[in-house]
Structure formats: C-alpha cells, structure tokens
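Quick notes on the structure that follows.
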Amino acid sequence: IDFDLILKNVKALNTLAGEGASHVEHTAGGARLRQPAPLPLMLYQNGVVMFRPYEDPSTQQCLQDIMDGYFPLELQRHFPCG
C-alpha cells in the first residue's frame, strides 16, 4: 500500500470536496456560515479506521444489530458463520 499516494489523494479529494470553504446554513433567526465537519481517517500498518457519525444510517443499523444481540449485518460477508 502506497501511504504517500493515499495521503496525496486524500488531500486532493478534500480540496475537491471544498475543504476550508464555508456554506450558508439557514437558521430560525437568519443564517450563518458553516464549514463541513471533517471525517477523521486513521491509517495503520494493518488497516484503516474511518469515523462514522451516529447519525449515519449505516452506523445506526450496525449499532441496532448489536443492541438486538446480533452480529452486524455489514460484517456477514467477512464472517458468514457469525
């Protein structure tokens, strides 16, 4: 895995996605400028972790599966026997 290339491309993609740019968020009392919240990405020698907010539907489903006492459905292809 070429970590230098990954970091270079993440930086380019962040720029393309509007990193540092603000957008207008309408509020009850008017509007304000807001920058998109970053999603942390951690690279390790043996894997990668990407932060998933609780509000994300896939995160909610994963946590609901665990709260229901089941293995998360998203892991089924990796662990078909549970």
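See the values below:
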| quantity | calculated |
| --- | --- |
| Subset of the stretch 32-60 [more than 30 Å from Pro72 (Cα to Cα) and either surrounded by 10 or more Cβ atoms within 10 Å (Cβ to Cβ) or in contact with a helix residue (DSSP H, G or I) (Cβ under 6 Å, 6 or more places away or on another chain) (or both)] | Arg32, Arg34, Gln35 |
| Any hit, the stretch 21-31, residues being surrounded by 10 or more Cβ atoms within 10 Å (Cβ to Cβ), among the small types (Gly, Ala, Ser) and in contact with a Leu (Cβ under 6 Å, 6 or more places away or on another chain) | yes |
| Pick from the stretch 71-82, criterion in a loop (DSSP other than H, G, I, E, B) and within 28 Å of Asp2 (Cα to Cα), ranking: modelled with the highest pLDDT | Arg77 |
| Residues located in the stretch 8-17, provided they are open to solvent by less than 100 Å² (accessible area, probe 1.4 Å) and over 13 Å from Leu39 (Cα atoms) | Asn9, Ala12, Thr15 |
| Strands (runs of 3 or more DSSP E) wholly inside the stretch 1-70 containing at least 2 residues that are over 18 Å from the mean Cα position of the chain (by Cα) | 23-27, 30-34 |
| Neighbours by Cβ (under 6 Å, 6+ apart or cross-chain): first from the stretch 1-30, more than 16 Å from Val48 (Cα to Cα); second open to solvent by 80 Å² or more (accessible area, probe 1.4 Å) and assigned to a strand (DSSP E or B) | Ser22/Leu33; Glu25/Arg32; Glu25/Arg34 |
| Condition check for Glu55: closer than 30 Å to Phe3 by Cα and touching a Cys at 6+ places or on another chain (Cβ under 7 Å) | no |
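The values are calculated or read from the model by the stated rules, or taken from the named source; none is laboratory data. What you see is a predicted model, and the numbers here were worked out from it, not measured in a lab. Note that we place each Cβ from the backbone using ideal geometry, even for glycine, and neighbour counts take in every protein chain shown. Surface areas here come from the heavy atoms of the whole protein model, side chains and all, with no ligands, DNA or RNA. Shrake-Rupley method; radii C 1.70, N 1.55, O 1.52, S 1.80 Å.
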